[in-house]
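A.B. asks: Pasting a structure here, questions to come.
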Amino acid sequence: MVDELVADAQDLRDLLSRAESARLRRVLGDELDTIASNLRHEHAELKRLLGLAGTDYARSVLTQALERLSFVADGKAGSLAAPPADRGALPSFCFVPAHGYGPALERVPGSDRGAIQARLKAGEPFIIAGSSLCGPAVGRWDLAFLGESFGDEVKCVVYESHDRAFRYWDPEKNVANYEFREEEHTRRLEMTMREFREAMEAGERCLYLQSPLVEGIGEKVVADFVLFDWEWVRGLPQSVGWRDLSSNLLLVGQKGNVTPAHYDEQQNLLAQLVGRKRVLLFPPEAWRQLYPYPRCHPHDRQTLLDFAAPDLGRFPRFAEARPLEAVLGPGDVLYIPQYWWHYVENLDAATVSVTFWHKDTDAGPVELPIAGKQELAVLRNLEKIVCEVVGVDAYHGACRDIDRGVDSPEAQKALATAKRLLAHVLPTQALVDAFIKDMVRSRFW
């Protein structure tokens, strides 16, 4: 049985490498993921039976079978599943981390609802392969279809950037009155889908459509939209403990468009419909390596780093970062957990995705000592309170003084406030001091 599964997988992988149809590749990839999952189950069952075997002969038979599946124990069962894009074939604009990647993301077959629910509850990213979440929209919602369906009445939200890096600017968060040159941040525009399509085809501007799926989007789009797996989506609050769905966002971007590393305060299921998208993910605690903008800055929740040309003199810990990598094709759904950092690259022309945003608790019940997303939540709250205590105008300078060892009155007040608050969630003074040092390091220039 095991040998037959391995042979089937190898044959399907060969066919997958030759298939040109996106729909056929999705079918073959889903079957490969199912075989890989079956082999993992076979391995676990053989180990269980080996512990129960009462004769040398039975143990010998089971041991030989286990040896044939040694690649499963070594974590290589994924090599039988649908292969991700070859890193060597990735476009030149793709970021390659200096110290390599973290563990490969698991691909769970879309048909295995039990495994999907368990992984969502675990709160760590993974890929749902061959998902039926978006039904007929997969492979169908290309730019031509969307342009025809939306018509000329509906205005879509489109962002324009001076280059391919779409660093978002929220003026409402600029309570500290940071100055910023107009050309250094994205502009929010409104276009019809036809206007957007014509601008995309002209190729003279850097554009990224990021628009809610709301009324007036066209009968053909609505006909597909109602066939999404809404029963499963509506059941997520009960099955995994999230709150209700808050929004869906349609994303249409050009090849080479990059969303700089950032994190969100909601749970997100990112469904890929057309083209390929590459996502690098970092855990919440990687804020120390990714140097987020201050909370009161318009780039709140985004990294200060330029991945295309990282300044390791100013941001030396970035060299330690080892992201998880996901290359998504049509029919893949990536789970991006709340507070997980993600850096996104569009690999093909006119890539199309849909997000499923779910609100959740801020960071879950506090467990001491704090870790993971609770650390990031504490960082945000700490910055907010310190800013209120020392005043908006003095906040940036106070944190910069702490970083530089300048004993100014504002720095003293900020430092005393931070130490008092952190003492409630960190067990030792050494950990408190280290947290404050990380909080201000190179973030307040």
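The values are calculated or read from the model by the stated rules, or taken from the named source; none is laboratory data. Computed from a prediction, not measured in an experiment: that's the story for all the values here. Glycine also receives a Cβ, built like all others from the backbone with ideal geometry; neighbour counts cover every protein chain displayed. Surface areas here come from the heavy atoms of the whole protein model, side chains and all, with no ligands, DNA or RNA. Shrake-Rupley method; radii C 1.70, N 1.55, O 1.52, S 1.80 Å.
A.B. asks: Can you tell me which condition LEU189 does not meet? The list is (1) surrounded by fewer than 16 Cβ atoms within 10 Å (Cβ to Cβ); (2) over 22 Å from the mean Cα position of the chain (by Cα); (3) without any contact (Cβ under 8 Å) to a residue 40 or more places away in the chain, and all the others hold.
C.D. replies: It fails just one condition, (1).
A.B. asks: Among the residues in the range 336-352, are any in contact with a strand residue (DSSP E or B) (Cβ under 9 Å, 6 or more places away or on another chain), surrounded by 21 or more Cβ atoms within 10 Å (Cβ to Cβ) and of a type in the set (Gly, Ala, Ser)?
C.D. replies: Checked the range 336-352: no residue is in contact with a strand residue (DSSP E or B) (Cβ under 9 Å, 6 or more places away or on another chain), surrounded by 21 or more Cβ atoms within 10 Å (Cβ to Cβ) and of a type in the set (Gly, Ala, Ser).
A.B. asks: Is there a residue being among the small types (Gly, Ala, Ser), surrounded by 18 or more Cβ atoms within 10 Å (Cβ to Cβ) and within 28 Å of the chain's Cα centre (by Cα) anywhere in the range 377-394?
C.D. replies: Checked against the condition, which is being among the small types (Gly, Ala, Ser), surrounded by 18 or more Cβ atoms within 10 Å (Cβ to Cβ) and within 28 Å of the chain's Cα centre (by Cα), the range 377-394 yields at least one hit.
One line per residue, one yes/no per condition, for (1) hydrophobic (A, V, I, L, M, F, W, C); (2) open to solvent by 20 Å² or more (accessible area, probe 1.4 Å):
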| site | (1), (2) |
| --- | --- |
| VAL233 | yes, no |
| ASP244 | no, yes |
| LEU249 | yes, yes |
| LYS255 | no, yes |
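A.B. asks: Is there a residue in the range 217-237 that is at positive phi and touching a helix residue (DSSP H, G or I) at 6+ places or on another chain (Cβ under 7 Å)?
C.D. replies: We begin by selecting, within the range 217-237, every residue at positive phi; these are 218.
Next cut, touching a helix residue (DSSP H, G or I) at 6+ places or on another chain (Cβ under 7 Å) only: 218.
Within the range 217-237 (the criterion being at positive phi and touching a helix residue (DSSP H, G or I) at 6+ places or on another chain (Cβ under 7 Å)), the answer is yes, since at least one residue qualifies.
A.B. asks: Further, regarding this structure: Read through the list (1) open to solvent by less than 70 Å² (accessible area, probe 1.4 Å); (2) at pLDDT below 95; (3) out of contact with any Leu (no Cβ under 7 Å at 6 or more places or on another chain), then give the number of the only condition that TRP445 fails.
C.D. replies: Unmet condition: (1).
A.B. asks: Determine, yes or no, whether ASP224 is surrounded by fewer than 22 Cβ atoms within 10 Å (Cβ to Cβ), touching a Gly at 6+ places or on another chain (Cβ under 7 Å) and at pLDDT 90 or above.
C.D. replies: Yes, satisfied.
A.B. asks: Quickly run through the range 287-306 and pick out the residues that are part of a loop (DSSP other than H, G, I, E, B), closer than 12 Å to HIS262 by Cα and not charged (D, E, K, R).
C.D. replies: TYR291, TYR293, HIS299, LEU304, LEU305
A.B. asks: Against the definition (part of a loop (DSSP other than H, G, I, E, B), in contact with an Asp or Glu (Cβ under 9 Å, 6 or more places away or on another chain) and buried (at least 19 other Cβ atoms within 10 Å of the Cβ)), how does PRO330 come out, yes or no?
C.D. replies: no
A.B. asks: If you go through the range 127-160, how many residues are without any contact (Cβ under 8 Å) to a residue 60 or more places away in the chain and not hydrophobic (A, V, I, L, M, F, W, C)?
C.D. replies: Residues meeting the conditions: 5.
A.B. asks: Sticking with this one: Given the criteria in contact with a Gly (Cβ under 7 Å, 6 or more places away or on another chain), part of a loop (DSSP other than H, G, I, E, B) and open to solvent by 10 Å² or more (accessible area, probe 1.4 Å), does ARG322 qualify? So that I can check it myself, show each step before the final result.
C.D. replies: On the way: in contact with a Gly (Cβ under 7 Å, 6 or more places away or on another chain): yes; part of a loop (DSSP other than H, G, I, E, B): yes; open to solvent by 10 Å² or more (accessible area, probe 1.4 Å): yes.
When the stated conditions are applied, ARG322 passes them.
A.B. asks: Of all residues in the range 402-442, which are within 15 Å of ALA371 (Cα to Cα) and open to solvent by 70 Å² or more (accessible area, probe 1.4 Å)?
C.D. replies: Result: HIS424, PRO427, LEU431.
A.B. asks: Right, here's the next one. Could you tell me how many of the residues in the range 144-182 are charged (D, E, K, R) and open to solvent by 80 Å² or more (accessible area, probe 1.4 Å)?
C.D. replies: 9
A.B. asks: Out of everything in the range 287-304 that is at pLDDT 95 or above and open to solvent by less than 10 Å² (accessible area, probe 1.4 Å), what residue ends up being farthest from PHE356 (Cα to Cα)?
C.D. replies: This residue is TYR291.
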